[in-house]
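Reviewing the structure listed below.
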């Protein structure tokens, strides 16, 4: 940093992926970052995610690729199975596939990013932003412990349900969330003899699906997907976890395949989480000195496989634009939106019929789906199909000389 440039005090809400990634870059520029996280400790659980396309390049520019390779989950393929567990179609992983070569556990990636930033960033757990006032010369923030402080910039990196985004855009854009009509529950399961590293997908009648994925010698993840009882499941997210579990159990007990096992595992899991599959399509990601980053501003949903990548790229672009306009925060934030939005727009593209085609109502429709997937494999079209579903957006990661190590 040039000695004449001002050192900014930046408050980041959220210690997930986007927040620590931004702190990584801003610290390199000489700015002072504080990250507040609602949870009392860094959450080590979470879904299996992947880093793909432009996200891999962003990780490489951070110098993290070797570290990422050390936490990669060995998952060579995904298979679609019938009620008896017989494989109908198997799709090997590749960079635009249902699974990629850089599958990682979300908690592992978060831990890695915190480890890389802990010496230059202040982390305050068990604390959240209650309110804020955006002023000409700074943002005054009130915290959940009734203390307050003023920062040069407030960054909302607190996920798709961001309270900061809702407060920021309430008047101009009351609802920028687009539901895909799918509710998802995920939880840790125990690995049993016979469980393989290949992810398994079972589609059940009644617009339901189940998935198993294994990330270690002892544990894996179970997933429930439902496009039925949508509003009931959505409302249940505000209920006690035990009541949520009972509702999900009532929906999946008769689903077939490994439903008995997965329901049993879910009921005793201590890391159960349920959410609606939602895209955040905000017309603007900022107002004044307050800016949204990652899922809080442009969540693409897990169906795109681009959530972690957009978080890493978004952090890089925001910091990069701040490095280009060090004395004009307003210009930097506006440029961040302008530069990144084409990638976000492409990443949020959902192929026609998705996710409905993967959640049929009737058994005969499931048979048709299984036949189509089998035919795709037989004709050697598995890569073109996956490349269509996970189409890469033609967008090049900008070069910011001042972010280079």
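The values are calculated or read from the model by the stated rules, or taken from the named source; none is laboratory data. For clarity, every value in this text was computed on a predicted model and none was experimentally measured. Note that we place each Cβ from the backbone using ideal geometry, even for glycine, and neighbour counts take in every protein chain shown.
For this structure, a couple of remarks:
- Residue 125 meets all of the listed conditions (1) modelled with pLDDT under 95; (2) in contact with a strand residue (DSSP E or B) (Cβ under 7 Å, 6 or more places away or on another chain); (3) more than 30 Å from residue 380 (Cα to Cα) but one, namely (1).
- Count of residues meeting criterion [out of contact with any helix residue (DSSP H, G or I) (no Cβ under 7 Å at 6 or more places or on another chain) and over 26 Å from residue 397 (Cα atoms)] in region 8-58: 8
- Only residues that are crowded, with 20+ Cβ neighbours inside 10 Å and over 18 Å from residue 370 (Cα atoms) were counted in region 213-235, giving 11.
- Helices (runs of 4 or more DSSP H) (entirely within region 301-405) containing at least 2 residues that are within 20 Å of the chain's Cα centre (by Cα) and within 19 Å of residue 279 (Cα to Cα): 307-324, 329-347
- Residue check, residue 389 out of contact with any helix residue (DSSP H, G or I) (no Cβ under 8 Å at 6 or more places or on another chain) and surrounded by 12 or more Cβ atoms within 10 Å (Cβ to Cβ): yes
- Any pair with Cβ under 8 angstrom, 6 or more apart, that starts in region 204-219 at a residue that is in contact (Cβ under 8 Å) with a residue 40 or more places away in the chain and on the phi > 0 side of the Ramachandran plot and ends at one that is in a strand (DSSP E or B) and buried (at least 21 other Cβ atoms within 10 Å of the Cβ): 207/226
- Number of positions in region 241-266 that are assigned to a helix (DSSP H, G or I) and closer than 16 Å to residue 212 by Cβ: 10
- Candidates in region 165-191 are the residues that are over 23 Å from residue 236 (Cα atoms) and either surrounded by 18 or more Cβ atoms within 10 Å (Cβ to Cβ) or in contact with a helix residue (DSSP H, G or I) (Cβ under 8 Å, 6 or more places away or on another chain) (or both); of these, the one that is modelled with the highest pLDDT is 190.
- Residue satisfying condition, being within 28 Å of residue 342 (Cα to Cα), surrounded by 15 or more Cβ atoms within 10 Å (Cβ to Cβ) and without any contact (Cβ under 8 Å) to a residue 24 or more places away in the chain, within set 93, 97: 93
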